Every structure is written in C-alpha cells, then in structure tokens.
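Here is the structure we will look at, set down as structure tokens.
The values are calculated or read from the model by the stated rules, or taken from the named source; none is laboratory data. None of these values were measured; they are calculated from a predicted model. With ideal geometry, Cβ positions are generated from the backbone for all residues, glycine too; neighbour counts draw on all protein chains shown. What goes into the accessible areas is simple: the full protein's heavy atoms, side chains included, and nothing from ligands, DNA or RNA. Shrake-Rupley method; radii C 1.70, N 1.55, O 1.52, S 1.80 Å.
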Amino acid sequence: GWCPLSPAGAQTPQLLVEPPWRPAVLWDQVTLTCQGSGTAGATTWYKDGQRWGQQESDYFTVTESGTYQCERPGSGLSPPVRVLDDRLVLQVSAQALLEGDTVTLRCRG
C-alpha cells in the first residue's frame, strides 16, 4: 500500500535572511526567520555551534556577528547562516542558484 510522509517528515528547517543577501552583514540590520515543520513557537537558536537560547518567536534581528542555526522539535537543525561584520564583503543573492543562472554580485563596504 501507499504510505504518505508525515508533515513533520525529515525536512530540515531553513533560515530565511532579510535582506536576502549572503553572506549577511551586521550593518544591514539582518533578520533571521526559522521556517519549517515541527512545533511552532519552540525554536531553539544556535550561535557559533553553541545553544544560544529558546524563543517563542521564530525570527529575530541579529545584533552580533557569527554563524547561526535554528532547530525545531521533530525537524532537526537548519543549515548555517553567517552574519559578518567585515569592512568589505562580496555578496550574492540568497536565493537558490543553479548552474547557468545569471547572478548579481554586490561589493559592500
């Protein structure tokens, strides 16, 4: 018989970056949003590989540079997102890119 996947299947959460450029830069007032299956309002945040706190909100504005991840019960840990405070940064759009796509690069300083 056919067995459907549960809504909380093995899909990991994703971190959405606003404004949508990577690497993100602290001076852009970056907001991170944890999206994915699992229990809403029970997001655990990690900064530089260390548990950084649990918030009822699934988003927040970053105030420190570092590498961030989020975790939601039943769906695991998101891929990491770096937020830099460098003086000069080369950025690319945060959207998924495929070979052959035209990309826009930004040099920020």
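Taking every protein chain into account, the accessible area of the stretch 13-108 amounts to 59 square angstrom per residue (probe 1.4 Å).
The alpha carbon radius of gyration of the stretch 57-102, expressed as a multiple of 2.2 N^0.38 Å, is 1.48.
Could you please state how large a percent of the accessible area of the stretch 26-99 is carbon and sulfur, counting protein chains only and using a 1.4 Å probe? Mind dumping the intermediate values first?
Numbers: 2080 of 4390 Å².
The value for the stretch 26-99 is 47 percent carbon and sulfur by accessible area.
In order along the stretch 18-31, phi translates into HN-Hα couplings of 10, x, x, 10, 10, x, 6, 10, 4, 6, 8, 6, 6, 10 Hz, rounded to whole numbers, per the Karplus curve 6.51 cos²θ - 1.76 cosθ + 1.60 with θ = phi - 60° and x for Gly and Pro. Run through the stretch 56-109 and list the trypsin sites (Lys or Arg not before Pro) located in a DSSP loop whose Cβ has at most 12 other Cβ atoms within 10 Å. Here the sparse-neighbourhood loop sites are ARG87. With coordinates expressed along the principal axes, the C-alpha atoms belonging to the stretch 13-108 extend over 37, 30, 19 Å, beginning with the largest.
Taking other residues whose beta carbon is less than 14 angstrom from the beta carbon of GLU18, and scoring Lys, Arg as +1 and Asp, Glu as -1, yields -1.
Please report the relative contact order for the stretch 13-108, taking Cα pairs under 8 Å with a sequence separation of at least 6, and give it as a percent rounded to a whole number.
Details: 215 pairs, mean separation 30.5, N = 96.
Computed over the stretch 13-108, the figure is 32 percent.
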